[in-house]
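Report on the following structure.
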Amino acid sequence: MVSRIELLQGTLDFIVLQTLRWGPRHGYGIAQQIRANSNETLQVDTGSLYPALHRLERKKWISADWEVSENRQRVRVYKLTAAGRKQLAVERSKWELLSAAIAGVMNPPVAESET
Amino acid sequence: MSRWFWKKRAQRDLDLNDEIRAHFDMAVRDRMARGESQRDAEDAARREFGNVGHVKEVTREMWGGVWLERFRQDLRFAVRSLRRSPTFTIVASLTLALGIGVNTAMFAVVHGVLLRPLPFVDSGRLFVPSYKANAFGPAAAMFDDHYARLERDTSIFDRVASYGTSSLTVTGLGDPLRVSATRATSQFFSVLGARPALGRLFDESEATKDGGTSVILSDALWRRRFNADRSVIGGSVVLEGVSRTVVGVMPASFDFPAGTDVWQPWRVIADPKTNVSFIPVIGRLKPGLSPQLAQQMFAAYASHLPVVDGPPRAGLVAALIPLKTVMVGDVRTPLLIFSGAIGFVLLIACANVANLLLMRVASRDREMAMRAALGAGRWRLIRQLLTETLVLTSVGAAAGIGVALATLRLLLVLAPQNMLPRADGIRIDPWTVAFTAGLTIVTAIVCGAIPAMHASEQRLRASLAAGARTVTGGRERLRSLLVGGEIALALVLLTGAGLLVRSFERMRAVDLGFDSRNALAVTVDLPSARYNSAADMREFDARVLANLNAIPGVESAGAINWFPLGKGGISGNLFAEDGREVPSGYNVNALSVSPGYFRAMGIHVERGRAFTDDDRTTGARVAILSHSVAEKFWPGGNAIGKRVASSEKPDPSDWLTVVGVVNDVKGRATSSRAAADYVPLAQTNFPFFLRRVTFVVRRHEAAATTPVAVATTRILREADPNLAFETVASMTDLIGRTTAEPRFQSRMLLTFSLAALLLAMIGVYGVMSYAITQRRQEISVRIALGAAPGEIIAMVLRRTTMLVVPGIVVGLGASYALTRVLNRFLFQITATDPTTFAFVAGILVVVALAASAMPARRAGKVDPVEALR
């Protein structure tokens, strides 16, 4: 069984923004995409996803439109705004810094004074 | 905004439903595409999706403005849930209505009297320059000669004015009428920034030393006496027998000094050589001058004023006192004490309501658990419960306004006359309503916070299973704590009330030096226009006295110029021909009395004799000393036959021979000035000493009061139909008036503390009877195992004692710290009087045990069979 990780709010926002970089998507699509891209590791809880989407929309980082799906169902589709793109860049560089730092902590260069 | 808001909100809700629906449908479709059956796919999708309600709830929270929606929801729910338990709602909101109502009333009083600005233009710049000195009491006044200089000096004040009030008689239109007349210097109205409603203000040229010949009427007098006739301007009014021209009418809003009916133009002519008096002064600060700087300037100014003859001026402290402070001076502290006391009552009421809420919450554990399971967060539950409390306090506050109106009416009727200055401004106004609204919210938080936090905590432990025994330990401790707090607060109030009541009793027990039983008194002022010589007034006095003595049932009648229970008086130095030297500040009340006065008053002649009809104008000049004066000059009691005078170097004819010594008399228990020298009215030649006269009539014990009072009134009417005088009053009533304030204060505090006691009793009863309901099982087991009902009752009473004792200990400590605010009002008793403390603590224990008697009896009757169920 694949172990699943619960996402922190800030991380989820970042991942949602990142996911929308490849084009507009509805909520279900975003959840599926995150799951697929993370090899089923990241399971996005709807109780976190929808609040995150509505929060990002309120911050004007994403915008939403109603479209009609192929099954003639009304679906709400989100897309990245210019402000969202800018925010994503900021988050990304922060993320890179952080992951490099964590990687450094986890795999320190072989130290001379190891006992 | 609201309709638009709710419409938009409803649309967004529908959208969110669609969005979630679409998500769910897509998930199902994907699963079916992967080969699952529709049913399996739907089940799996639903599991995966989780709690739809919760998802919607947390998503909505991101929208902003959600609190408003929540509040509406909570409100609707609160109303519904309160309706379901009407008894609880009625009891709790009535308790709150009382608590909030009396506090609202108190605020209306405090706001009307203390906080509201004075009704004068820029009233913050009005100050009273005054000299404070202990010998002259708290009256804010300054020497007239210094005032005369201040009038010419403009370095501190833009302008200053002085005034004086007296009681005069208006005649000529119907019955003679006593009016309150204020003589005011020419800048008086402009200092206060007042304009007349009709006519004009006084001209500088109209002002004289004794009140000129023109008058300005108050709105009230104008309406009452002149039917609001505008043509009154230029007309005349007979004041003290002299016709004066009406030049103006003031608007109703102008009432300074309070209760003035007419103003007269006045000029202060001070001659420091002959007669120096203290007069009240008001001044408007010079524009741009800060009050602090003005203070310093006035202190410096006063210290440079010349010191001439007259009363000793050493030890006087010059200060500028804000006019408002002077006007509300005496009443400030009692009002603040009452406010504090009444705040305590509300706190106790809150504790009771909190206890009720805790009980209610206990029965709602399952509901709370259910709500938590359905996705309500802890904060959400707290908010919900607080909203419920807010609805409760709002209902209480709405009813409380009615309580406040009733309380105010009662208060204004019961408060002794003149105790509350500016009483006309006491009403329920927007400020008061705002205060009540604020108080409502605070009360809701105070009452509801503990139960709400507690309930939301319990939800985790509470089980949905119906038969589960509830966990009550924590809650019981909380409830005991609340009741302990109530006991402590009630104890503080009771101690304060107990001290005031005891002090009042001691005040009443003081021997005033005369016998007030079976005696009536009436005071008359003889107008100078018709009684311009001493002989006229002496003749009037003698004629009235002769008739009074002839009333059937009258034992004796007498007259005095400055009655001990009345207002005013003159004190001066007294010198003995051969007596010991007395300190220069030693002042003695100088009184003139008729021969029958001592008998009519029941004053005891200790040595020598009382005055007789032979002590006439032509006879030898005589005096009677009060006990303490005689002892001061001739210790050992040999004053008879000695000679005294009121000036240091008297003319030979000014010496008075002491013919008697009487016991000391004082008008009120708290006053210390009992020293007096009496001379016969018949030998009093200075008209000023004869203007006011009080007749004292003592009836035989067997005679009825009313006929004597009626006869007295008739005799005065017949003696001078143009004389206005107050109702003939019994001396007991007059003494009652002098103690009206302490009596009112002790009764107020007693009422508050009894209310507090009642509430605390209800609290104890509630906690104990609830505890017993919770422990029926345990009690029945005990009884089944052989405990006698008596033992069970004893156990309950022991528990009550344990509940109450910590509260009493805390309360005694708090009382010890707080009752000193009463110090100023206590007479012959200390603020930490151990007897009062012990007595009050005892009362509380007894009352608490009485409150738990019923629950205890019920506990003793528990059926042991219950143990089996």
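The values are calculated or read from the model by the stated rules, or taken from the named source; none is laboratory data. What you are looking at is a predicted structure, and each value in this text was computed from that prediction instead of being measured. Quick reminder, even Gly has a Cβ in these numbers, built from the backbone with ideal geometry, and neighbours come from all protein chains shown.
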Exercise. Please find, within segment B:215-244, the residue that is nearest to the chain's Cα centre (by Cα) out of those that are of a type in the set (G, A, S) and not in a helix (DSSP H, G or I).
Key: B:S218
Self-check item: Single unsatisfied condition, A:V75 versus (1) at the interface with chain B (Cβ under 8 Å from one of its Cβ atoms); (2) over 22 Å from B:M26 (Cα atoms)
Solution: (2)
Quiz item: Mind checking whether some residue in segment A:49-57 is facing chain B (nearest Cβ under 9 Å), part of a strand (DSSP E or B) and under 22 Å from B:E61 (Cβ atoms)?
Solution: no
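Any residue that is charged (D, E, K, R) and surrounded by 10 or more Cβ atoms within 10 Å (Cβ to Cβ) - is there at least one of those in segment A:105-112?
Here is the first cut: in segment A:105-112, the ones charged (D, E, K, R) are A:112.
If we keep only those that are surrounded by 10 or more Cβ atoms within 10 Å (Cβ to Cβ) too, we end up with none.
Looking through segment A:105-112, none of the residues is charged (D, E, K, R) and surrounded by 10 or more Cβ atoms within 10 Å (Cβ to Cβ).
Return the only residue of B:V522, B:V483 being more than 24 Å from the chain's Cα centre (by Cα) and under 30 Å from B:P721 (Cβ atoms). First the steps, then the outcome.
Details: B:V483 fails: under 30 Å from B:P721 (Cβ atoms).
Answer to the selection: B:V522.
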Quiz item: Can B:R607 be described as farther than 18 Å from B:A534 by Cβ and buried (at least 16 other Cβ atoms within 10 Å of the Cβ)?
Solution: yes
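Results for (1) farther than 16 Å from B:E486 by Cβ; (2) in a helix (DSSP H, G or I), shown as yes or no for each residue.
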site	(1), (2)
B:Q777	yes, yes
B:G790	yes, yes
B:V796	yes, yes
B:T800	no, yes
B:V805	no, yes
B:V810	no, yes
B:R824	yes, yes
B:T830	yes, no
B:A841	no, yes
Quiz item: Can you name the residue in segment A:48-73 that is aromatic (F, W, Y) and closer than 19 Å to B:D15 by Cβ and is also surrounded by the most Cβ atoms within 10 Å (Cβ to Cβ) among such residues?
Solution: A:Y50
Quiz item: Hey, any hits in segment B:112-130 for a residue that's in a helix (DSSP H, G or I), among the acidic types (D, E) and closer than 30 Å to B:R267 by Cβ?
Solution: no
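Could we say that B:R477 is basic (K, R), touching a residue at least 60 places away in the same chain (Cβ under 8 Å) and either in a loop (DSSP other than H, G, I, E, B) or out of contact with any strand residue (DSSP E or B) (no Cβ under 7 Å at 6 or more places or on another chain) (or both) here? Walk me through how you get there before you give the answer.
Numbers: basic (K, R): yes; touching a residue at least 60 places away in the same chain (Cβ under 8 Å): no; either in a loop (DSSP other than H, G, I, E, B) or out of contact with any strand residue (DSSP E or B) (no Cβ under 7 Å at 6 or more places or on another chain) (or both): yes.
Criteria not met by B:R477.
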Quiz item: Considering segment A:35-47 alone, what residues qualify as being surrounded by 21 or more Cβ atoms within 10 Å (Cβ to Cβ) and either touching a residue at least 24 places away in the same chain (Cβ under 8 Å) or more than 7 Å from chain B (Cβ to nearest Cβ) (or both)?
Solution: A:V44
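Looking at this structure, is B:A44 among the aliphatic types (A, V, I, L, M) and either out of contact with any strand residue (DSSP E or B) (no Cβ under 6 Å at 6 or more places or on another chain) or at pLDDT 90 or above (or both)?
Numbers: among the aliphatic types (A, V, I, L, M): yes; either out of contact with any strand residue (DSSP E or B) (no Cβ under 6 Å at 6 or more places or on another chain) or at pLDDT 90 or above (or both): yes.
It is true that B:A44 is among the aliphatic types (A, V, I, L, M) and either out of contact with any strand residue (DSSP E or B) (no Cβ under 6 Å at 6 or more places or on another chain) or at pLDDT 90 or above (or both).
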Quiz item: Out of segment B:838-857, which residues are free of Cβ contacts under 8 Å to residues at least 12 places away in the same chain and crowded, with 24+ Cβ neighbours inside 10 Å?
Solution: none
Quiz item: Going by the structure shown, is B:H54 touching a His at 6+ places or on another chain (Cβ under 9 Å), part of a helix (DSSP H, G or I) and facing chain A (nearest Cβ under 8 Å)?
Solution: no
Quiz item: So which residues in segment B:1-32 are small (G, A, S) and within 12 Å of chain A (Cβ to nearest Cβ), if there are any at all?
Solution: B:A22, B:A27
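Restricting to segment B:698-729, give me the number of residues that are part of a loop (DSSP other than H, G, I, E, B) and small (G, A, S). Spell out how you get there, then give the answer.
We begin by selecting, within segment B:698-729, every residue part of a loop (DSSP other than H, G, I, E, B); these are B:700-704, B:720-724, B:726-728.
Checking which are small (G, A, S) leaves us with B:702-704, B:724.
Of the residues in segment B:698-729, 4 are part of a loop (DSSP other than H, G, I, E, B) and small (G, A, S).
Regarding segment B:64-77, can at least one residue be identified that is free of Cβ contacts under 8 Å to residues at least 24 places away in the same chain, within 57 Å of the chain's Cα centre (by Cα) and within 12 Å of another protein chain (Cβ to nearest Cβ)? Outline the logic, then answer.
If we filter segment B:64-77 for residues that are free of Cβ contacts under 8 Å to residues at least 24 places away in the same chain, which is where we start, we get B:64, B:66-67, B:72-73, B:76.
So of that shortlist, the ones also within 57 Å of the chain's Cα centre (by Cα) come out as B:64, B:66-67, B:72-73, B:76.
Then drop every residue that is not within 12 Å of another protein chain (Cβ to nearest Cβ), which leaves B:64, B:66.
Looking through segment B:64-77, at least one residue is free of Cβ contacts under 8 Å to residues at least 24 places away in the same chain, within 57 Å of the chain's Cα centre (by Cα) and within 12 Å of another protein chain (Cβ to nearest Cβ).
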Quiz item: Could you list, in sequence order, the residues of segment B:156-180 that are farther than 16 Å from B:S243 by Cα and either polar (S, T, N, Q) or within 32 Å of the chain's Cα centre (by Cα) (or both)?
Solution: B:V160, B:A161, B:S162, B:Y163, B:G164, B:T165, B:S166, B:S167, B:S180
Quiz item: Looking at B:R616, B:R607, which one is over 30 Å from B:F278 (Cα atoms), of a type outside the set (A, V, I, L, M, F, W, C) and not in a loop (DSSP other than H, G, I, E, B)?
Solution: B:R607
Quiz item: In segment B:694-711, how many residues are farther than 13 Å from B:M731 by Cβ and touching a helix residue (DSSP H, G or I) at 6+ places or on another chain (Cβ under 9 Å)?
Solution: 1
Exercise. Read through the list (1) in a helix (DSSP H, G or I); (2) under 33 Å from the mean Cα position of the chain (by Cα); (3) modelled with pLDDT of 85 or more, then give the number of the only condition that B:A135 fails.
Key: (3)
Self-check item: Single condition B:E36 does not satisfy, out of (1) more than 10 Å from chain A (Cβ to nearest Cβ); (2) part of a helix (DSSP H, G or I); (3) surrounded by 14 or more Cβ atoms within 10 Å (Cβ to Cβ)
Solution: (2)
Quiz item: within 28 Å of B:E539 (Cβ to Cβ), surrounded by 20 or more Cβ atoms within 10 Å (Cβ to Cβ) and in contact with a helix residue (DSSP H, G or I) (Cβ under 6 Å, 6 or more places away or on another chain), is that true of B:V661?
Solution: no
Quiz item: Of the conditions (1) buried (at least 19 other Cβ atoms within 10 Å of the Cβ); (2) at pLDDT below 90; (3) hydrophobic (A, V, I, L, M, F, W, C), B:V471 fails just one. Which one is it?
Solution: (1)
Quiz prompt | Candidate set: segment B:401-428, residues that are out of contact with any Leu (no Cβ under 7 Å at 6 or more places or on another chain) and small (G, A, S); chosen: the one farthest from B:A354 (Cα to Cα) | solution = B:G425
Practice problem: Enumerate the pairs (first residue in segment B:1-30 and surrounded by fewer than 16 Cβ atoms within 10 Å (Cβ to Cβ); second residue anywhere and outside any helix (DSSP H, G or I)) with beta-carbon separation below 6 Å, excluding pairs fewer than 6 apart on the same chain, so at least 6 apart or on different chains. | Solution: B:D18/A:R74
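Which of the residues belonging to segment B:721-746 are among the hydroxyl-bearing types (S, T, Y) and over 16 Å from B:A519 (Cα atoms)? Show your work before the answer.
Taking segment B:721-746 first, the residues among the hydroxyl-bearing types (S, T, Y) are B:727, B:730, B:732, B:738-739, B:746.
Residues satisfying the conditions are B:T738, B:T739, B:S746.
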Quiz item: Is it the case that some residue within segment B:628-651 is in a loop (DSSP other than H, G, I, E, B), buried (at least 20 other Cβ atoms within 10 Å of the Cβ) and in contact with a strand residue (DSSP E or B) (Cβ under 7 Å, 6 or more places away or on another chain)?
Solution: yes
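Take the residues of segment A:59-69 that are assigned to a loop (DSSP other than H, G, I, E, B) and within 10 Å of chain B (Cβ to nearest Cβ): which is farthest from the chain's Cα centre (by Cα)?
Kept after step one, since they are assigned to a loop (DSSP other than H, G, I, E, B), are these residues of segment A:59-69: A:59-61, A:69.
Right, trim to within 10 Å of chain B (Cβ to nearest Cβ) and you get A:59, A:69.
Values: A:K59: 16, A:S69: 23 Å.
Taking the candidates together, the pick is A:S69.
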